[in-house]
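Everything on this sheet refers to the single structure shown next.
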Amino acid sequence: MITNKEDLIKIRDAYAGKIAFRQHGTEKVSDGKVEKHVLICGGTGCTSSKSVQIKEKMEALIKEAGIEEKVQVVLTGCFGLCALGPIVIVYPEGTFYSRIELDNVEEIVKEHLVNGNPVKKYLYSETVKGDEILSLNDTAFYKKQKRVALRNCGVIDPHCINEYIGTNGYLALAKVVTEMTPDEVIKEILDSGIRGRGGGGFPTGRKWQFAAAQPKGQKYVVCNGDEGDPGAFMDRSILEGDPHALIEAMAIAGYAIGANEGYVYVRAEYPIAVNRLQNAIDDARKEGLLGKNIFGTDFEFDMQIRLGAGAFVCGEETALLTSIEGNRGEPRPRPPFPAVKGLWGKPTIINNVETYANIPQIILKGAAWFNSMGTEKSKGTKVFALGGKITNTGLVEIPMGTTLREVVEEIGGGIPNGKKFKAAQTGGPSGGCIPASKYDVEIDYDNLIAQGSMMGSGGLIVMDEDTCMVDLAKFFLEFTVDESCGKCAPCRIGTVRLLEILNKITEGNGEMEDLDKLEELANYIKSASLCGLGQTAPNPVLSTLANFRDEYIAHIVDKKCPAGVCKNLFTYKIDLDKCMGCGLCAKQCPADAISRTDYVAEGHKLASMQIDATKCVKCGACLPSCKKFQAIYKG
Amino acid sequence: MKKKLTTVSFNGTKEQEIALDNVIAEHKDQPGALMAILQKAQGIYGYLPIEVQQHVALAMDIPLSEVYGVASFYSQFILNPKGDYAVSVCLGTACYVKGAGLLMDKLESILGIKNGEITADRKFSLDATRCIGACGLAPVLTVNEEVYGRLTPDMIAGIIAKYKD
């Protein structure tokens, strides 16, 4: 039981050395007996490529080798570089093993952990420079990042409350309840300038202020962990890698607004996150950090998890509250805002996981520290989930104001296969596309809105020249049509009509006046929908129309899909002079559409192949079979 | 989202019913308990047939329409039984741009069923799923808990064959 600040500091001091050992750029000290820490990523990405089995095998082999006293194996949260998973890091060196398989484990234990020689062939190639082996912090992916919300992900064992305390965990809560008044807490948050990380970007301090100003009585603190944007997974990573940060922050919020109950609404699709968070809540209760008389004061706070059930609209705050109440997750009109009338009609604040993860740091290091990062109107850092056509898919945390080019080219490692950057999509189905001409835009809330996109929760999908922008708009529209809750007509009916027009265009039946119709309808939906889902649903259409109008026109006028995606608007063809006549493509074809011609190209032995366009189903199966000769093309 | 009602007949056991009654008794008095009860009911039966929804409505003394309203609203709740091997193709953005749609086409032709359906022998069911967060492995599909990543359509037949017998 931790009953006062001194208890907490005692634990912190006992564990701080261990954490420092694994922290970026710190002195390479060893905490007595343990000489090496092996950190294995236990995030969802790496878990699905068997990192838990890797940990078990490694521990068994370490025991066999009799070095279990000298090596500690830790299953951590996400390191961020999911493209290289499963990832294994060995400290004190910070050696970075990537894409490790079960069969590699024995060699690593024998050579590296026992004999002290890192196994070069399994290391991430960027960290091997001749004889020198770089630490993960020297890689392009990590160098430019600034980790605040993700600071403990990939460092601590999320199952161990003491390791969190070792990073100054729960010290902010201790400071708040023993040294600060609720008004002082709110002022600190206001001064920091932090804005909601879940999408809208509303100043967090203002939200707290409104709720605190409501008459005393039952109030609630809610965490929005219903991360539904396809491609975004920062909230999941924080829940999996640093669950105590969320608990601490929610307790601080409770103290600030006068609430003693919290709800975390998490997607049921995140079993690892739910399990670790529940574990952390139980441990915090056991230690007296949740419950009555926290740090010996009369402040009490407790919290519980509610599982979402897969409805995108529940990321909208009022819909989320209706869902916690056990109903269909349909939004309510605002005002009244949740800060006045929220969960079960009581004043409620709702913040997103990433927002909460910043709070303890703001309290400990001060508003001025937080304020020093970022741009004029967007302070601090933001986590982005890089996905799509980018080399380093994964999670990155960057100061606001970093340019899109830096994120994609430097941190993200650029576009694979020598392709060109075409656009980046941010904000998921509510956002829009930033074209190559705006590659140097500094990322912050207001700049993204000015580009017709939005921050959203931080999904950043990179597209190369093979992506059709009309098809992309259609993809997002299909998503919103599917996820529209049906409560208000502009969203329920309007998005379906938008999708019909897009289908017409991608099928080759579009007319130029359809473009005007799209714009007109999109603007109606934006202005007349009840909640954020409907109000932003047309954004993918509007932003692709604004930036890639020529592609729409190509579909309508030339009946061509320039990227070769829309099946009705291209055919597969074989270049008769390039074709060697090997016939591999015909074997792949499920529709028997490929046959041999009588034509033998100059210098070739066999007659060339051809594709019968009337039989071809455009599955593309033939394409990879001709990698060597590149004779098959879309035209 | 429109959901298809099941065409397979209900065959719940007495044990399942007792387990369900225990869940209802445990949660009944908590505010907003319906979702939690339906989640656990689905854990017991594997899906939420209308018979189970009726049972929940009666035991909680709320209209069936309310139960059905919640069950049909959330995509996690399935009104159709899953196959022994539930095949799910991730159609999240990252997987989509890396060709997950082609994986779905291939599965539909190999299994002879459409997205959202189950094979006659109840062995395989096929679904599209939203982002499972393994974007670094895109495109991915899952068979029950097993994740297959960095796929191309020509790898599908081999994966299905592993589960055929």
Exercise. Measure off 7 Å from each Cα along the Cα-to-Cβ vector at A:ASP131 and A:VAL617, then give the distance between these two points in nanometres to one decimal.
Key: 5.9
Quiz item: ³J(HN,Hα) across region B:22-27 via Karplus (A = 6.51, B = -1.76, C = 1.60, θ = phi - 60°), whole Hz, x for Gly/Pro?
Solution: 5, 4, 4, 4, 5, 9
Self-check item: Cβ charges +1 (Lys, Arg) and -1 (Asp, Glu), total dipole of the protein assembly as shown, debye
Solution: 820
Quiz item: What average count of beta carbons from other chains do you get within 10 Å of the Cβ of residues in A:152-164?
Solution: 0
Quiz item: Which entries of A:LYS526/A:LYS618; A:LYS146/A:LYS377; A:LYS341/A:LYS377 show an alpha-carbon separation above 26 angstrom in the structure shown?
Solution: A:LYS526/A:LYS618; A:LYS341/A:LYS377
Self-check item: For the protein assembly as shown, with +1 on Lys and Arg beta carbons and -1 on Asp and Glu, the positive-most of A:ALA319, A:ASN547, A:ILE165 along the dipole
Solution: A:ASN547
Practice problem: For region A:169-371, build the charge dipole from Cβ charges (+1 Lys, Arg; -1 Asp, Glu) around the Cα centre, then report which of A:TYR270, A:LEU364, A:ALA212 sits farthest towards its positive end. | Solution: A:ALA212
Self-check item: Neighbour-count order for A:SER192, B:SER65, fewest beta carbons within 10 angstrom listed first
Solution: B:SER65, A:SER192
Practice problem: Could you calculate, for region B:85-164, the ratio of the Cα radius of gyration to the Kirkwood radius, expressed as Rg to Rh? | Solution: 0.93
Quiz item: Within 10 Å of each Cβ of A:318-328, how many other protein chain Cβ atoms are there on average?
Solution: 4
Exercise. Starting with the highest mean, order B:81-87, A:386-392, A:612-618 by the number of other Cβ atoms within 10 Å, averaged over the residues of each peptide.
Key: A:386-392, B:81-87, A:612-618
Quiz item: Between rounded, prolate and oblate, where does region B:14-73 land on the alpha carbon gyration tensor, with a ≥ b ≥ c its root eigenvalues, rounded for a/c under 1.5, else prolate if a/b exceeds b/c?
Solution: rounded
Quiz item: For region A:14-139, rounded, prolate or oblate, judged on the Cα gyration tensor with a ≥ b ≥ c (square roots of eigenvalues), a/c < 1.5 rounded, else prolate if a/b > b/c?
Solution: rounded
Quiz item: Mind checking the mean number of beta-carbon atoms from other chains within 10 Å of the Cβ atoms in A:382-395?
Solution: 3
Quiz item: In whole angstrom, how far apart do the alpha carbon centroids of region A:188-223 and region A:334-386 sit?
Solution: 7
Practice problem: Would you mind calculating the gained length between A:LEU364 and A:ASP550 on full extension (0.36 nm times residue separation, minus the Cα-Cα distance), in nm to one decimal? | Solution: 61.8 nm
Exercise. Run a plain Debye calculation on the protein assembly as shown (Cα atoms as equal point scatterers, no solvent) and give log10 I(q)/I(0) at q = 0.09 Å⁻¹, rounded to two decimals, same order as the q list.
Key: -0.92
Self-check item: Share antiparallel - DSSP beta bridges, chain B, percent rounded to 5
Solution: 55
Quiz item: For region A:381-464, what is the Kirkwood estimate of the hydrodynamic radius, computed as the reciprocal of the mean inverse distance between distinct Cα atoms, to one decimal in Å?
Solution: 12.2
Exercise. Normalising by the residue count of chain A, find the relative contact order in percent from Cα pairs under 8 Å and 6+ residues apart.
Key: 11
Self-check item: Antiparallel bridge percentage (DSSP; both residues within the protein assembly as shown; nearest 5)
Solution: 55
Quiz item: Given charges of +1 on the Cβ of Lys and Arg and -1 on the Cβ of Asp and Glu, with all other atoms neutral, how large is the dipole of region A:381-464 about its Cα centre, in debye to the nearest 20?
Solution: 360
Quiz item: Over region A:169-371, what is the mean sequence separation of C-alpha contacts under 8 Å (at least six apart), divided by residue count, expressed as relative contact order in percent?
Solution: 32
Quiz item: So if we plug the beta-carbon distance of A:VAL340 and B:GLN54 into 1/(1 + (r/R0)^6) with R0 = 30 Å, what FRET efficiency do we get, rounded to 0.05?
Solution: 0.20
Quiz item: Along the charge dipole of chain A, which of A:VAL177, A:GLY412, A:ALA436 sits closest to the positive end, that is, farthest toward it, with unit charges on the beta carbon of Lys, Arg, Asp and Glu (+1, +1, -1, -1)?
Solution: A:ALA436
Quiz item: Once you charge only the Cβ atoms, +1 for Lys and Arg and -1 for Asp and Glu, what is the size of the charge dipole of region B:85-164 about its Cα centre, to the nearest 20 debye?
Solution: 80
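Here, each number is a calculation from the coordinates, and none is a lab measurement. Because the structure is predicted, anything quoted here is derived from the model rather than measured. FYI the Cβ positions are ideal-geometry reconstructions off the backbone, even for glycines, and counts take in every protein chain you see.
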